[in-house]
1. Which of (1) open to solvent by less than 90 Å² (accessible area, probe 1.4 Å); (2) under 24 Å from TRP8 (Cα atoms) is the odd one out, the single condition ILE42 does not satisfy?
2. Surrounded by 10 or more Cβ atoms within 10 Å (Cβ to Cβ) and on the phi < 0 side of the Ramachandran plot, is that true of LYS74?
3. Any residue in region 57-74 that is under 23 Å from GLY47 (Cβ atoms) sitting within a Cβ distance under 7 Å of a residue that is open to solvent by less than 70 Å² (accessible area, probe 1.4 Å)? List the pairs, counting only those 6 or more apart or interchain.
4. Please find, among SER90, SER95, the residue that is modelled with pLDDT under 90, surrounded by 10 or more Cβ atoms within 10 Å (Cβ to Cβ) and out of contact with any Pro (no Cβ under 7 Å at 6 or more places or on another chain).
5. Would you call GLU83 surrounded by 10 or more Cβ atoms within 10 Å (Cβ to Cβ), of a type outside the set (Lys, Arg), in a helix (DSSP H, G or I) and touching a residue at least 12 places away in the same chain (Cβ under 8 Å)?
6. Is it fair to say ARG49 is surrounded by 10 or more Cβ atoms within 10 Å (Cβ to Cβ), part of a helix (DSSP H, G or I), in contact (Cβ under 8 Å) with a residue 24 or more places away in the chain and charged (D, E, K, R)?
Amino acid sequence: MREPKFEWGPLPRGIYIGMLWFTIVIGWHFTNLLAYYVALLIFLGIGLRPLLEITKLYDFFSALSEKIEEGRWKKINENRRREVQRAERSKKYKSMRYKDPKLPKDW
């Protein structure tokens, strides 16, 4: 048996469980929509993952989100690198000051 490409996260799983519990309300107040709602739940529970895997939509969106996240981290790393270079440069200039001969020996 092959393993699935992805697992649903806690937010989609929680939304689906909430929708399952909401079936009671739909059945009580909107009985004419209950069949469509149950069909939607069955599709979301059983059919959505294979559909995403077959059409490669999951691969596309995961690559897209990875690219966005990589760009965000690239900016953070560049800013941090710039800060470190500035600190090293200022440290270098602070240590390059010459000692005034009028000061005591271990000043």
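The values are calculated or read from the model by the stated rules, or taken from the named source; none is laboratory data. Note that the coordinates shown come from a computational prediction; the quantities given were computed from them, not determined experimentally. Cβ placement follows ideal geometry from the backbone for every residue including glycine, while neighbour counts extend to all protein chains displayed. Side chains included, ligands, DNA and RNA excluded: accessible areas come from the protein's heavy atoms. Shrake-Rupley method; radii C 1.70, N 1.55, O 1.52, S 1.80 Å.
1. Condition (1) is where ILE42 drops out.
2. Yes, satisfied.
3. TYR58/PHE6; TYR58/LEU52
4. After ruling out the rest, the residue left standing is SER90.
5. No; evaluated as a whole, the condition is false for this residue.
6. yes
Residue by residue, here is whether (1) part of a helix (DSSP H, G or I); (2) closer than 28 Å to ASP59 by Cβ holds:
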site	(1), (2)
GLU7	no, yes
GLY14	yes, yes
LEU20	yes, no
TRP28	yes, no
TYR36	yes, no
LEU40	yes, yes
